[in-house]
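Contents: one structure, followed by commentary.
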Amino acid sequence: MLSILAAAVLFACSAGSNRAAAVAGTSAPTNAIASEVATPKPPISLKSSAPALSLIVAAASVRAPGPAPSHAGISLTNYGGVCDGRTDNNAAIARGIADTHAKGVALLIPAGQCNFSQVIHLDAGKITGSGPTSVLYATNYLQSAIIMSGDGPSVTNLKLTGKTPPSRQNPWESTKITALGATNFVIDSVTIDNAAAAAIATGPNSSKGRITNNKISNSLADSIHMTDGSSYITVEGNTIENSGDDGIAVVSYAENPSPVNNITARNNVIRNNKDGRGMSVVGGRTVLYENNYIEGNPQWACMYIAQESSYDTKNVVGVTVQRNTFKDCGSLNSHAAVMIFSNGQATNDNIKLISNDIVQDSRNGIRYFGPQTRVLLQNNRYSGSGTPYVGDPSSNVTIIKYTIGPVGYVAP
């Protein structure tokens, strides 16, 4: 019999939806704000609720959770895995997932390049490694995903990369990790490079998850993308570089039974987007973005809050953006560092921007237009030679200018 190296209790893995669906935003058009970036529509839907927005919490006092400990389990090599950068390990991975799930331990990915060529399905179990030296390498960018489902799946403490895709892809299968119908899931301390679609995505019926302490670079679409009723998810302590589209995105389509709701994203650092926005809420409810640092976008906003008729999205209700730093984002004629926008198909409501630090060159600070109600812009500090506030007088916006006090991101 195979020996168990040590007990490890995290969650469980294996089997998930293999449905092709769009998971990350299309590139932002350059000729009109009204045709802003959102994400192609996944065809699956979800019903969920959207409780009222919780009270604002001082971001500087909140620290990201520490990296996940190295959990003992059974090595992939015990199931015939060979991590030599040549051998295909799909069969060994499937055997290992089934057996470790039954035993309640993790499947351990050893140091080395463990190739795989087909989607890995995880249902209510766990995969872990010893850090970025434990590499799962996708030789087929069209089948590069770990699809999480069930209650309590986790992927932790390893690296996901693979063959360079020739162009951006949309299906779930081309992501690196997607939660479909997963609850109480964990994605922690994973290094992700070169995703053909979104690096991490959550779809229908995914809730009560943690996306924490990951390092994501060079995705061709959104780096972290939450859609179709995903709910009660914490996104914390992630570092994102060179995102091909939005760094962190909440996107809800009109056809979805429920909007994405109850999302908290804090203590994330996002730099040098290749396209898209640093962080966005394009249709959503009860979203808190606090103590994030976003820098470097030559055209689009660091922070984008919008309803878009061009992509038939829901409106935004109950979003708080507080104590973030936004630096060098937007363009002179279109986006500012922060953009609050509605095409007019639905009215955005109850949006608060409080104590953010906006550091620009000649680009503007906050721009708002289209139908909005109960928008509060309070104590946001603008540094730069542009205009701090640019807006449509018809928007229902209250501005309380910065006077004194701490603002912006504080490293945890």
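Residues are listed down the side, and each one gets a yes or a no for (1) over 24 Å from ALA196 (Cβ atoms); (2) within 16 Å of the chain's Cα centre (by Cα); (3) of a type outside the set (Phe, Trp, Tyr):
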position	(1), (2), (3)
ILE233	no, yes, yes
GLY283	yes, yes, yes
TRP300	no, no, no
ASN315	yes, no, yes
What residue, among those in segment 101-131 that are among the polar types (S, T, N, Q) and under 23 Å from GLU173 (Cβ atoms), is surrounded by the most Cβ atoms within 10 Å (Cβ to Cβ)?
THR128
Grab the strands (runs of 3 or more DSSP E) fully contained in segment 345-409, keeping just those with 1 or more residues being within 15 Å of THR325 (Cβ to Cβ) and touching a Lys or Arg at 6+ places or on another chain (Cβ under 6 Å).
357-359
Being out of contact with any Lys or Arg (no Cβ under 7 Å at 6 or more places or on another chain), under 20 Å from SER144 (Cβ atoms) and not in a strand (DSSP E or B) narrows it down to one of SER219, SER243, so name that one.
SER219
Checked LEU142, LEU180 against criteria (within 15 Å of ASN90 (Cβ to Cβ) and either assigned by TED's automatic domain parsing to the domain that holds ALA102 or in contact (Cβ under 8 Å) with a residue 60 or more places away in the chain (or both)); the one match is LEU142
So VAL407 clears everything in (1) among the aliphatic types (A, V, I, L, M); (2) under 19 Å from SER280 (Cα atoms); (3) modelled with pLDDT of 95 or more except one condition, right? Which one?
(2)
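Given ILE294, ILE233, ILE270, which one is assigned to a strand (DSSP E or B), farther than 27 Å from PRO371 by Cα, of a type in the set (A, V, I, L, M) and touching a Lys or Arg at 6+ places or on another chain (Cβ under 9 Å)?
ILE233 is the lone residue from the list that is assigned to a strand (DSSP E or B), farther than 27 Å from PRO371 by Cα, of a type in the set (A, V, I, L, M) and touching a Lys or Arg at 6+ places or on another chain (Cβ under 9 Å).
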Failed item in (1) surrounded by 21 or more Cβ atoms within 10 Å (Cβ to Cβ); (2) within 25 Å of the chain's Cα centre (by Cα); (3) closer than 20 Å to TYR409 by Cβ, with ARG363 passing the rest:
(2)
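Pick out the one residue from ALA265, ALA198 that is in a strand (DSSP E or B) and either under 11 Å from the mean Cα position of the chain (by Cα) or assigned by TED's automatic domain parsing to the domain that holds PRO165 (or both). Give the derivation first.
Values: ALA198 fails: in a strand (DSSP E or B).
Among ALA265, ALA198, only ALA265 is in a strand (DSSP E or B) and either under 11 Å from the mean Cα position of the chain (by Cα) or assigned by TED's automatic domain parsing to the domain that holds PRO165 (or both).
The values are calculated or read from the model by the stated rules, or taken from the named source; none is laboratory data. As the structure is a prediction and not an experimental result, all values here were calculated from the model. For neighbour counting, all protein chains shown are included, and Cβ atoms are generated from backbone atoms with ideal geometry for every residue, glycine included.
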